[in-house]
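The values are calculated or read from the model by the stated rules, or taken from the named source; none is laboratory data. Computed from a prediction, not measured in an experiment: that's the story for all the values here. Cβ placement follows ideal geometry from the backbone for every residue including glycine, while neighbour counts extend to all protein chains displayed. Surface areas here come from the heavy atoms of the whole protein model, side chains and all, with no ligands, DNA or RNA. Shrake-Rupley method; radii C 1.70, N 1.55, O 1.52, S 1.80 Å.
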Amino acid sequence: MPAPQPRPAISAMARYQPNLNPPARGRIIRLSANEGALGPSPAAIRALEEVTSRLHHYPEEDPSALADAIAAQLGLDAQRMVFGCGSDELILALCLAYLSPGDEAIHTEYGFIMYPVSIRVAGGEPVVAPDSGYRVDVDAILERVTPRTRMVFLANPNNPTGSYIGRGELERLHRGLPEDVLLVIDAAYAEYVSRNDYASGADLVENSENVVMLRTFSKIYALAGLRLGWAYAPQVAANAMHVVKQPFGANRAAVAAGIAAVNDHEFRRRSVAHNETWQPWTAQRLAGLGLTVLPSVTNFLMVRFPDEPGRTAAEAGPWLEQRGVLVRGMAGYGAPDFLRMSIGTETEMQAVVESIAEFLSA
Ligand SMILES: Cc1ncc(COP(=O)(O)O)c(C=O)c1O
């Protein structure tokens, strides 16, 4: 008898490749996952220590104190929030809730890799809208809408390119979509953006029935290891996510640390200020080495390496890894000439720039 087989769509897929396995020894500079540079807020660490005596209790299904803290900080409605085990869980929950086999969901060419993965897992068909010059192209998205389109995924700002579209373009995208298509605006890096024309999408959620905004504690709050994300959604989408996702995806430790992190305004300010210093510094130094650095409003940079043998991105990645510097290869995103690196501490960025200079001159 043949062994049981997963669905063909699942068998055809490869598992996520995190590229986070450091060499066994020595200094590790980990810039491969767009994590917060400064480590978690001290208040979040204290909150974690305090929660340890209550870990035998399941968490709340709707962590209301966390919703209230976010609502107070951002002026949002706590009733519209859904929490999950990272925003990854919520991306999948949305796909499972909205896609039937054969339905199409659009994502952008260099959009976050978990969109096509989750679309396929749910049985849907990912449809790629090409970027234009490594930027999201709203017209390309709208041109790909068909009667089978159920969802559109947009990371704004985008991972891995680091670019964003402004409020006007975001609203034009929303206006151009049929009302029965769900627009998912993933604002994982919103806190880093200091542009006047940037909008996270929260007001589009409040003023329509077909927009969901996603946020995470993995980036500015530097709590990626705890896995905590949230969605801001119309009631119908929130109800659907509650049905599909695991009930206790946002765990008790993550919620306790999340509340403390949201309330630590000083930590958030410090993290933004750090990024505003070291992101342009790094971009400038790498450009000075002759590399092309895509303009970024986030805590990471996408950097193009030359095609000359000995100086390519494909060679730079392993070379850096050998020296304890972990960056992200972009071949999986269809951009093999690029490496993506997050902004770490001052010492880390100086060391990385030195290592890359050494690689290029070797
Ligand atoms: C655009 C985007 N969305 C979502 C995520 C996942 O976030 P989380 O850690 O909350 O699952 C990431 C992580 O890199 C991301 O870049």
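Output wanted: per-residue J couplings in Hz (rounded whole) for region 194-205, from phi through Karplus 6.51 cos²θ - 1.76 cosθ + 1.60, θ = phi - 60°, x for Gly and Pro.
10, 8, 5, 8, 8, 10, 6, x, 4, 6, 5, 4
For residue 61, enumerate residues with amide H under 5 Å from its amide H, sequence gap 5+ or separate chain, H modeled in the peptide plane.
When sequence neighbours closer than 5 places are left aside, there are no close amide H contacts.
Would you work out the relative contact order for region 42-264, in percent, from Cα pairs under 8 angstrom that are 6 or more residues apart?
Relative contact order comes out at 30 percent.
Could you tell me the distance between the Cα centroids of region 57-131 and region 212-275, to the nearest Å?
12 Å
From the square roots a ≥ b ≥ c of the eigenvalues of the alpha-carbon gyration tensor of region 82-225, which class results: rounded (a/c under 1.5), prolate (a/b over b/c), or oblate?
Working: a/c = 1.44, a/b = 1.13, b/c = 1.27.
Note, shape of region 82-225 comes out rounded.
Going by amide H atoms built from the backbone, whose H comes under 5 Å of the H on residue 325, apart from near neighbours?
Here the answer is 29, since their amide H atoms fall under 5 Å of that of residue 325.
Top mean-square fluctuation among 109, 308, 60, Gaussian network model of the chain, C-alpha springs under 10 Å?
Comparing 109, 308, 60 in the GNM, the peak value goes to 308.
For region 274-288, in order, what is each residue's ³J(HN,Hα) by Karplus, 6.51 cos²θ - 1.76 cosθ + 1.60 with θ = phi - 60°, in whole Hz (x at glycine and Pro)?
Ordered by residue, 3J(HN,Hα) equals 4, 5, 5, 7, 8, 5, x, 4, 5, 4, 5, 5, 5, 4, x Hz.
Quick one, what does Rg over Rh come out to for the chain if you take C-alpha atoms and the Kirkwood Rh?
On the way: Rg = 20.5 Å, Rh = 21.3 Å.
A ratio of 0.96.
Can you bin region 165-264 into rounded, prolate or oblate? Criterion: square roots of the alpha carbon gyration tensor eigenvalues sorted a ≥ b ≥ c, rounded for a/c under 1.5, prolate for a/b above b/c, oblate for the rest.
It comes out oblate by the Cα gyration axes.
Among the trypsin sites (Lys or Arg not before Pro) in region 109-162, which ones are in a DSSP loop with at most 14 other Cβ atoms within 10 Å of the Cβ? Mind listing them?
Those satisfying the criteria are 148.
What's the carbon and sulfur percent of region 42-264's accessible surface, probe 1.4 angstrom, rounded to a whole number?
Solvent-exposed carbon and sulfur of region 42-264 make up 50 percent of the total.
First select every other residue whose beta carbon is under 14 angstrom from the beta carbon of residue 145; then total the charges, Lys and Arg +1, Asp and Glu -1.
On the way: positive: 144, 148, 150, 172, 175; negative: 103, 104, 125, 137, 139, 143, 179, 180.
It works out to a net charge of -3.
Taking all protein chains in place and a 1.4 Å probe, what share, in percent, of the accessible surface of region 280-357 do carbon and sulfur account for?
50 percent
Tell me, what HN-Hα J-couplings in whole Hz come from the Karplus equation 6.51 cos²θ - 1.76 cosθ + 1.60 at θ = phi - 60° for each residue of region 81-90, using x for Gly and Pro?
For region 81-90, the Karplus-derived couplings read 9, 10, 10, x, 7, x, 5, 3, 5, 6 Hz, x marking Gly and Pro.
Rounded to the nearest whole Å², what accessible area per residue is found for the chain with the 1.4 Å probe? Please list the in-between numbers first.
Numbers: 16160 Å² over 362 residues.
Accessible area per residue, the chain: 45 Å².
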